[in-house]
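The structure under discussion appears below in the form of structure tokens.
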Amino acid sequence: MLEVKGIGVFYGEVQVLWEISLKVGEGEIVSIVGSNAAGKTTTLNTISGILRPTSGEIFFEGIRLDRETPDRIVERGLVQIPEGRRLFPEMTVLENLEIGTYPQRARGKRDQTLKKILDLFPILSDRKKQLASSLSGGQQQMLAIGRGLMAQPRLLMLDEPSLGLAPLIVKKTFEIIKDIRSQGTTILLVEQNVMHSLQIADRGYVLENGRIVLENTGKALLEDKNLKKAYLGN
Amino acid sequence: MFFKTLFRPQIYIPFLGLTLLILTPVLVKSPFLLHIVIITILYAALGSAWNIIGGYGGQLSLGHTVFFGIGAYTSTLLYLKFGLSPWLGMLLGAFLSMIVAAIVGYPSFRLRGPFFVLSTIAFGEVMHIIAINWRDVTGGSVGLGIQFEPAFKNFIFSTKVPYAYIVIGLLVLILAVVTLMEKSRMGYYLSALRENEDGAKVLGINTARYKLLALMISAFFTSLGGTFYAQYILFIDPYDILTLSLSIDMALVSIIGGIGTIIGPVIGSFFMIPLGEFLRGTLGGAFRGIHLIIYGTILILVVIYMPQGIVEKIRKKYRVLVSKLPGFRPEEILSLRMVPGSHILQTANARSFGEHPTPFLLEVQNLSKYFGGLAAVSCVDFRLRQSEILGLIGPNGAGKTTLFNLICGFYAPDDGQILYKGKNIEGFRPHILCQKGIGRTFQIVKPFGNMSVLDNVIAGAYCRAPKNAIARAKAEEILKFVGLWENRNLIAKSLTLPGKKRLEMAKVLATQPDLILLDEVMAGLNQREISDATVLIKKINEEGITVMVIEHVMSVIMSLCHQIIVLHHGEKIAEGAPEKISNDPKVIEAYLGEEYLIARG
Amino acid sequence: MSEILIKVVINGLLMGGIYALISLGLTLIFGVVRIVNFAHGEFLMLSMYASYWLFQLWGIDPYVSVLIIAPLFFVFGMIVQRGIFQPILNAPEVSKIFAAIGLVMVLQNLALLFWKGDYRAIKTISSGLLIGPEGFMIGLPRFIAFLAAVSIMLGLYFFIKNTYTGKAIRATGQDQGAALLMGINTKRIFLIAFGIGSSCVGIAGCLLMPIYSVFPTVGAYFVLVAFVIVVLGGLGSMLGAFIGGLIIGLVEALSGYFISSTYKEAIYFIIFWFLLIYKPTGLFGSVSQE
């Protein structure tokens, strides 16, 4: 479904990604793990069209993406939920959700989707009229996911959804991610929380210093001795 | 020796330029042309004065007309009412301008970007309105005329030539001051705070003080220009000398010529003013304002297409020209007084070691910091021995950088205290702490982008160096020490990321700290660069500097640190030697999730 | 309270409505595009001239010319954004500020070139008419201007609150990066925001024409008032612009009444200056400049 072929990315004159290749098949959950500053977010932003790769290609359902603008990419059904939620703080919960249906393809079914999302996250339903900034961290994460789902993504990319959340909420977040997949949305997940994300993943990639160093099924990666090494150095 | 240097084009070209300038008033016979020359040079002088704060200091004032006006009104009023010689009035006006600059500048400098600009515009407008309405003193909108009584003591001359020499003198004076300033502590400090204010603070620079000082100097010279103008035209009114468009013109010549360079405002005004005066002279009757349309258009085009100004475009050509002229020799690399042996950074510790009663350089007690009710750092305790390397690790958002910001004085703690050399350092601002020997780097590097690598480090070295030459020598030593010597002449923003991280360390080392806090100096580096940086940190430590390091690359932390502290959700969850930490279940849980342990047994 | 004082208050509030409309455009452009458009006053001046000439040449009443000028200024604003500010969106602050100042110089002096420095006023059917109860009569044009300003602001509020484009404008102002990831073409939103902001000030120009004379530097006066209002209300806040406008209208009228109209500008510039320095977020602002 999504195919990234050997992309290299620069910030100014500094190369941050080298030869990143990865695939996400229809209906899969794929995780990218790796320590801080390994290049995970950069990879997602390149797929989303925020950054331009200097080499390599990106295809989504056979269509080349790496020359398209971010709004066109969202329009194709490739939606990213950014790290740190990035809600619109001075808009209400409902407005945040509504803006999720900004892409033309999502507007038609707005009310249906909204109902579905509010069923999925009842807490948001109770707080529809509140400003997004008044929510707790966990609620904000639910809203961010809800907002992303409003765009009716075919492939949903999540960047560090567990960041800064209490353990219980983290658990819940990953359950929700599994649910979303079971309802037919493909998932590309970027996480520091190796255990959770590899457990729910069909396949995983380990990034280190801008390169992919390991690639396997989620289970196999968890068993891999090299994984701990990539994190703790021994 | 002196004569030899005189025959080099780098020296004789400016001298030729100066000679030409001095000859102009004699050569130009037409009063109209001479008027244009005088006005052009006046604007060059005003632009150069503006450039001190606007260009070097990066504080875009559009209120400089006030200082010009104070100069003009002070000397004129003192002359008209008390018969005081305008020469004296000029100095009094200039001092008055300095005082006003200090009073107005101090609060305004809290503002940044467009807000600072707005506050200066508002200030200028208030003065404009006051001058119009305070008729008894300023003559209001009617203005003030000065009787034409030529005499030296009256600062009135019957021909334009003396005026031309006075204004040339003013320009040369300002340029001399700017030139001296540029290569001194003040120049480095201003450029540094313009490029990155936080980055400047941690090098011990009292940014507020230097901005104020620059504004006062700038106001002083602008004010001299105001008196000159009053005595030259012999008439002043608020529409001519206290108006926003005058402030704009001063900034405009600098921006078009090249902001923050010695010659920029001069080039800008030599290019723009004659053009404007010519257009005004020829087309001004039928097409009033045409020169300002041209000015505005050029300004827009310059900021879009050559934001560095004309200077940037001709600099290369000038260098080529210079290199082809007789007598050319490339700039000599200043000889390096490399200290024999390895104790390059030693002075820092010699200064302080043994004075304080405890064996701990830094003691953090029960430290907490909240952001909006959320504890970013919560009851953290630790002690750091002299000459140790302490690692600070923890997942994203654990509060590591916040802890650094607390130690360096960027944040005030909500609870607990920090003892440095046995003394509580609460309430000390970052530049003071740097002067006391706490140096830090930033996770997101803060190089002074448009300065050379060497100049970046010199800005740090001034923290301890009493003289320019010593600061320079120190900076050169340090560049060799960290391995950036080859890149010393590069513009800092053109360095690669590893280079910038290294520069970050070099700048801090130049302040000769006793304690250095390194915030993720390895992030984004590849394996080889990481091992280079590790070696460098070890070298720094061997010089006797105590190191505290935040790092995500675990292999580095494990091999480098004597002690490690682990933060998670703002709390210290583990502390100890590296081997102990890497097998601590709590740590593994924090990093990999609790189930990792269960799953792996 | 004396009758005169009540009249002063009413007139101040009416004027405040127009100020608010001018400030609205400024605050919208800043809040979304992050450009402080110093040339905003010159936009006003141009629209006043446009409305003046439409009346002089074809007898179109300023209230009717709104229909022509509003769309015209929408396009004009977009052209300015596309041609001048878009290329320097990521440039340092100094470039943005001086690009705007360059624009001020060009527009102001083009007006001087074409229409000389004369003060020009027009006499429409509404000018000079008074309405209201005996003793509290107010000028009809001021009243109309106030009503129009308020209804435009309400309309804009509705637009921003309820349409996709309006929400996208707010979203872009709050977090440009996130907006991009929601599929919003932020460059297009910048153009629209600049267009709407210019349109607002264009309408304000038409509404002012029956009350005020136009001359090439008329904008300089109004833009400084607008800056005071925008900073008072909080940069980027629409509600703030409205309330700030009314406050400044009042302050101006009252200080003109109690002190002297010659110093009234000085008074609110002093307010402005202290406000900038000690309460830079304004009454309703969320965007801090520090």
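Descriptive notes on the structure:
- Subset tally (residues that are open to solvent by 10 Å² or more (accessible area, probe 1.4 Å), more than 22 Å from B:Lys480 (Cα to Cα) and touching a residue at least 60 places away in the same chain (Cβ under 8 Å)) for segment B:540-557: 1
- Checking B:Asn450, B:Asn424 one by one, the residue that is open to solvent by 40 Å² or more (accessible area, probe 1.4 Å) and touching a residue at least 60 places away in the same chain (Cβ under 8 Å) is B:Asn450 and no other.
- Residue among C:Gly240, C:Gly245, C:Gly282, C:Gly249 that alone is modelled with pLDDT under 85 and either surrounded by 17 or more Cβ atoms within 10 Å (Cβ to Cβ) or more than 11 Å from chain B (Cβ to nearest Cβ) (or both): C:Gly282
- Within segment A:3-35, tally of residues that are surrounded by fewer than 22 Cβ atoms within 10 Å (Cβ to Cβ) and at positive phi: 4
- Cβ pairs under 8 Å, 6+ apart, first in segment C:167-184 and more than 7 Å from chain A (Cβ to nearest Cβ), second open to solvent by 20 Å² or more (accessible area, probe 1.4 Å) and assigned to a loop (DSSP other than H, G, I, E, B): C:Gly173/C:Gly236
- In segment B:94-124, the residue that is farthest from the other protein chains (Cβ to nearest Cβ) out of those that are touching a Leu at 6+ places or on another chain (Cβ under 8 Å) and more than 25 Å from C:Ala39 (Cα to Cα) is B:Ala94.
- Test: residue in segment A:105-112 that is small (Gly, Ala, Ser), assigned to a helix (DSSP H, G or I) and either under 22 Å from the mean Cα position of the chain (by Cα) or surrounded by 21 or more Cβ atoms within 10 Å (Cβ to Cβ) (or both): yes
Let's see how each residue does on (1) at positive phi; (2) assigned to a helix (DSSP H, G or I); (3) within 11 Å of chain A (Cβ to nearest Cβ):
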| position | (1), (2), (3) |
| --- | --- |
| B:Ile516 | no, no, no |
| B:Met522 | no, no, yes |
| B:Gly544 | yes, no, no |
| B:Val549 | no, no, no |
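- Sole residue being within 30 Å of B:Leu118 (Cβ to Cβ) and of a type in the set (Lys, Arg), chosen from B:Arg288, B:Arg319, B:Arg315: B:Arg288
- Residue within segment A:159-167 that is more than 17 Å from the chain's Cα centre (by Cα) and in a helix (DSSP H, G or I) present: yes
- Residues in segment A:84-104 that are more than 9 Å from chain C (Cβ to nearest Cβ) and open to solvent by 20 Å² or more (accessible area, probe 1.4 Å) were compared, and the one that is modelled with the lowest pLDDT is A:Gly84.
- Qualifying residue in segment B:176-190 (condition: more than 27 Å from B:Met451 (Cα to Cα), open to solvent by less than 70 Å² (accessible area, probe 1.4 Å) and touching a helix residue (DSSP H, G or I) at 6+ places or on another chain (Cβ under 8 Å)): no
- Considering residues of segment B:125-139 that are without any contact (Cβ under 8 Å) to a residue 60 or more places away in the chain and assigned to a helix (DSSP H, G or I) only, the residue farthest from the other protein chains (Cβ to nearest Cβ): B:Asp136
- One residue from C:Ala204, C:Ala168 being among the aliphatic types (A, V, I, L, M), farther than 30 Å from A:Leu51 by Cβ and under 23 Å from the mean Cα position of the chain (by Cα): C:Ala204
- Residue list for segment A:36-74, filter: under 17 Å from C:Ile184 (Cα atoms), at the interface with chain C (Cβ under 10 Å from one of its Cβ atoms), outside any loop (DSSP other than H, G, I, E, B) and open to solvent by less than 50 Å² (accessible area, probe 1.4 Å): A:Asn45, A:Pro70, A:Asp71, A:Ile73, A:Val74
- Exactly one residue among B:Leu84, B:Leu42, B:Leu60 is surrounded by 15 or more Cβ atoms within 10 Å (Cβ to Cβ), within 29 Å of the chain's Cα centre (by Cα) and assigned to a loop (DSSP other than H, G, I, E, B), and that residue is B:Leu60.
- Boolean, B:Thr282 is hydroxyl-bearing (Ser, Thr, Tyr), surrounded by fewer than 17 Cβ atoms within 10 Å (Cβ to Cβ) and within 11 Å of chain C (Cβ to nearest Cβ): no
The values are calculated or read from the model by the stated rules, or taken from the named source; none is laboratory data. Here the structure is a predicted model, which is why all the values come from computation and not from measurement. We place every Cβ from the backbone using ideal geometry, glycine too, and count neighbours over all the protein chains shown. Note: accessible area is taken over every heavy atom of the protein model, side chains too, but ligands, DNA and RNA are not part of it. Shrake-Rupley method; radii C 1.70, N 1.55, O 1.52, S 1.80 Å.
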